[in-house]
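K.L.:
Questions regarding the structure given below will be posed in turn.
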Amino acid sequence: MTQTVDRLISEGLVTLQEAAKAVRVNVSTRTLSDWCSIGVRGIVLESMLVGSRRHTSVAALKRFLAAAS
């Protein structure tokens, strides 16, 4: 496994919707999906596919938001 996958698993995987609720960010799941694939100003939200659903961790979303702001 890659370093990103190992980190996400150790931090606890959550769906994109669950991650947004956990950090109280009012964005759509589509926006979070875009942050995973396209990013913002060269910063991409760490994520992985589990089956057909994209997952991240609350810690990864917090890191992304801090770096993107």
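The values are calculated or read from the model by the stated rules, or taken from the named source; none is laboratory data. Small disclaimer: the values here were computed from a predicted structure and weren't measured. Cβ: placed from backbone, ideal geometry, glycine included. Neighbour counts: every protein chain shown. When the accessible area is computed, the model is the full protein with side chains, heavy atoms only, and any ligands, DNA or RNA have been set aside. Shrake-Rupley method; radii C 1.70, N 1.55, O 1.52, S 1.80 Å.
K.L.:
In the stretch 36-59, how many residues are in a helix (DSSP H, G or I) and in contact with a Cys (Cβ under 6 Å, 6 or more places away or on another chain)?
P.N.:
0
K.L.:
Next question, about the same structure. Residues SER47, SER57, SER52: which one is modelled with pLDDT of 90 or more and open to solvent by 30 Å² or more (accessible area, probe 1.4 Å)?
P.N.:
So the residue among SER47, SER57, SER52 that is modelled with pLDDT of 90 or more and open to solvent by 30 Å² or more (accessible area, probe 1.4 Å) is SER52.
K.L.:
What are the residue pairs meeting all of these: first residue in the stretch 1-14, first residue farther than 15 Å from LYS62 by Cβ and among the hydroxyl-bearing types (Ser, Thr, Tyr), second residue open to solvent by less than 80 Å² (accessible area, probe 1.4 Å) and assigned to a loop (DSSP other than H, G, I, E, B), Cβ atoms under 8 Å, and 6 or more apart or on different chains?
P.N.:
Pairs that qualify, where the first residue is farther than 15 Å from LYS62 by Cβ and among the hydroxyl-bearing types (Ser, Thr, Tyr) and the partner is open to solvent by less than 80 Å² (accessible area, probe 1.4 Å) and assigned to a loop (DSSP other than H, G, I, E, B), are THR4/GLU46.
K.L.:
Same structure, new question: Within the stretch 1-35, restricting attention to residues that are in a loop (DSSP other than H, G, I, E, B) and open to solvent by 40 Å² or more (accessible area, probe 1.4 Å), which residue is nearest to GLY51 (Cα to Cα)?
P.N.:
Within the stretch 1-35, the subset in a loop (DSSP other than H, G, I, E, B) is 1-2, 12-13, 23-28.
With open to solvent by 40 Å² or more (accessible area, probe 1.4 Å) added as a condition, the list becomes 1-2, 13, 24, 26-28.
On the way: MET1: 16, THR2: 17, LEU13: 13, ARG24: 26, ASN26: 26, VAL27: 23, SER28: 21 Å.
Among residues in the stretch 1-35 that are in a loop (DSSP other than H, G, I, E, B) and open to solvent by 40 Å² or more (accessible area, probe 1.4 Å), the one nearest to GLY51 (Cα to Cα) is LEU13.
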